[in-house]
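The block underneath contains the structure these notes are about, expressed in structure tokens.
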Amino acid sequence: MLVVPYVFVFRERPDILSELAAYGGEDGVGPGFSVHAFGAALTVGIALITQMGEQADYLRFMPEQTAANRRRWWAAVMVGGPGWVVLGVVKMLGGALLAYLAISNSVPADRAVDPNQMYLAAYEYVFPNLHWAVGATALFVVVSQLKINVTNAYAGSLAWSNFLCPAHPQPSGAGGVGGLQYPDRPGADGTGCFPGPRQRCWACTPTWPSPG
């Protein structure tokens with residue numbers, strides 16, 4: 001539902017990219033360079049840098065790096081971490097294309113920035129019936145909201161797990177090494193004890209030395 005409208009738009013309007021490049025904006029100042037427009041676009045692009053921090057919620061589930069998976073491990077970290085900005089830029093460029101598509105279909109500029117209007121204009125190229133285009137747009141919005149809510153629930157569960165089950169340090173000498181105790185995963189010494197807080201926090205249990 002995210003990509004299909006672009007396929008139909010490019011098929012029906014193969015010159016839309018050149019039209020977008022020549023678009024002079026709402027004020028018709030022309031496609032030349034504008035410091036103000038560049039600054040406005042830069043503020044949106046810089047926001048992607050802070051968004052990379054959100055990927056830490058997913059990267060924390062990366063398996064341990066070993067000699068066998070070292071290259072794949074680093075590739076996954078780079079793609080899922082800093083590399084996520086590349087996908088963000090592609091999405092922003094796609095949004096600019098759909099906004100121009102909506103404007104070229106007589107949608108006012110202040111409403112063309114609404115994703116509902118963007119995809120409605122795009123889905124009109126997919127379905128000959130306006131009612132089907134509206135229905136597809138509404139379904140896409142519902143699916144997107146479900147995805148957002150699931151992600152938020154997931155992030156909330158991480159926050160609760162970190163709050164309810166904090167990592168407990170283990171004094172050196174208890175179990176052979178100092179660190180954390182994870183009963184579901186064996187550690188380097190076979191006791192389940194790891195020297196650093198890199199593992200799943202909700203599986204941790206404190207292992208203090210027995211009295212006496």
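Coordinate-derived values only; no laboratory data. Because the structure is predicted, anything quoted here is derived from the model rather than measured. Cβ coordinates were reconstructed from backbone atoms using ideal geometry, including for glycine residues, and neighbour counts include every protein chain displayed.
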Check each of the chymotrypsin sites (Phe, Trp or Tyr not before Pro) in region 28-109 and keep only those in coil by DSSP with at most 16 other C-beta atoms within 10 angstrom; list them in order. PHE33, PHE61
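Within the P(r) computed for region 25-107, what percentage of the Cα pairs occupies the region above 19 Å? Walk me through the numbers on the way to the answer.
On the way: 1934 of 3403 pairs.
Result for the distance tail: 57 percent.
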Under 1.5 on a/c is rounded, so check that first for region 105-148, then, if it is not, pick prolate when a/b is larger than b/c and oblate when it is not; a ≥ b ≥ c are the square roots of the alpha carbon gyration tensor eigenvalues. oblate
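Only sites in a loop by DSSP and with at most 12 other Cβ atoms within 10 Å count here; which GluC sites (Glu not before Pro) in region 1-53 make the cut?
Details: sites: GLU12, GLU19, GLU26; in loops: GLU26.
Here the sparse-neighbourhood loop sites are GLU26.
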Length gained when the stretch VAL143-VAL79 is fully extended (0.36 nm per residue, less Cα-Cα span): 20.6 nm
How much net charge surrounds ARG13 when only other residues with a Cβ under 14 Å from its Cβ are counted (Lys, Arg +1; Asp, Glu -1)? -3
Say R0 is 41 Å: what FRET efficiency, to the nearest 0.05, do ASN129 and ASP27 get from their beta-carbon distance? 0.70
Quick one: net charge of SER34's neighbours, Cβ under 13 Å, K/R +1, D/E -1? -2
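Go through region 14-107 and name the trypsin sites (Lys or Arg not before Pro) that are in a DSSP coil and have 12 or fewer other Cβ atoms within 10 Å of their Cβ.
Numbers: sites: ARG60, ARG70, ARG71, ARG72, LYS91; in loops: ARG60.
The qualifying sites are ARG60.
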